[in-house]
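The values are calculated or read from the model by the stated rules, or taken from the named source; none is laboratory data. Predicted, not measured: the structure shown is a model, and the values here were computed from it. Neighbour counts are summed over all protein chains in view; Cβ atoms, including those assigned to glycine, are modelled from backbone coordinates with ideal geometry. Please note that ligands, DNA and RNA were not included when accessible areas were found on the heavy atoms of the full protein model with its side chains. Shrake-Rupley method; radii C 1.70, N 1.55, O 1.52, S 1.80 Å.
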Amino acid sequence: MPDTLEMNLCGRIMLGVRRHGLSDPQRAGILARAIVAVVDHHYPDGRPSLLVLEPLLTEQLAMLEAALMERRMRKALGHETVSAPPLPVKEEQESQSTPAVSEERTLRKRTLKGKGYTVVAKSMDEKLREGRQPVQELLQKDCVDLGLLDRKQAERMVRSMLGKRPEDAEQEIVEQLRQILQEQVKGIIRQLKGGPWAKPQAQEEIRQDIAHARSVKSVLLLARQVIKERRAWEEKHGKGGLFGGLLGGRRRGLR
């Protein structure tokens, strides 16, 4: 028989994610039990009060919401394979001590006996730089190609990531991209007098989807969906043309 926490989570899941296509109580129960497992992992000696648990529960529900949103966007974009959203699991954060400056400048070498070669450990700075590189490439190419950013904006964001942990830098970038995408969608709605989002409910849904994006890839996925819906609406209403994919005004928008 499900316990109180599981029942509480089932109710919250069913209320919060219906618009993402999840309406099966059995599936909600599976997701709720996955979150309960995370709670039990964090508190092996017994669960604290719901008040103490709330930050962890909110985080897990937000992760579930983001996974469902990405699943819905991929399905709308016509991706060939749409898998069920992953069960929310909070990753263990291992504490990392900060090495001294002299250690950062010295490559540590470890010889593998009997292998005939030496493995050179990377400095912390190199690891952080490599960790930031995938997001930087998305900013410089995908974001620019879609018209989400211009080249100067992309380069400015890349520079802003220097010296930061990849996950911290990406979250700062995501906040900026969400705001930019929200403004571009507002511009499209004004230009097309609503366009594919003429109904207030549709406008609120796209606003919520953007607000819940948690990664640069998620923002790009939403941007592509916006472009697809706009082009489909313009073709249907004969509003396309040379500038049909651009935002009006000073800057180029989603194209």
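Near T58: Cβ cut-off under 11 Å, other residues only, Lys/Arg at +1 and Asp/Glu at -1. The net charge is -2. The packing ranking, built from the mean of other Cβ atoms within 10 Å per residue, places the peptides 152-160, 225-233 in the order 225-233, 152-160, highest first.
When E167, E235, E70 are compared by accessible area at a 1.4 angstrom probe, the order from most to least is E235, E167, E70. Pairs from the list K164/K217; K186/K217; K164/K228 with a Cα-Cα gap above 23 Å: K164/K228. Under a model in which nothing but the beta-carbon of Lys, Arg (+1) and Asp, Glu (-1) is charged, the range 130-235 shows a dipole of about 240 debye around its Cα centre. Computed with a 1.4 Å probe on the full set of protein chains, the accessible area for S215 sits at about 30 Å².
Reported to the nearest whole Å, the Cα centre-to-centre distance from the range 189-223 to the range 133-147 is 20.
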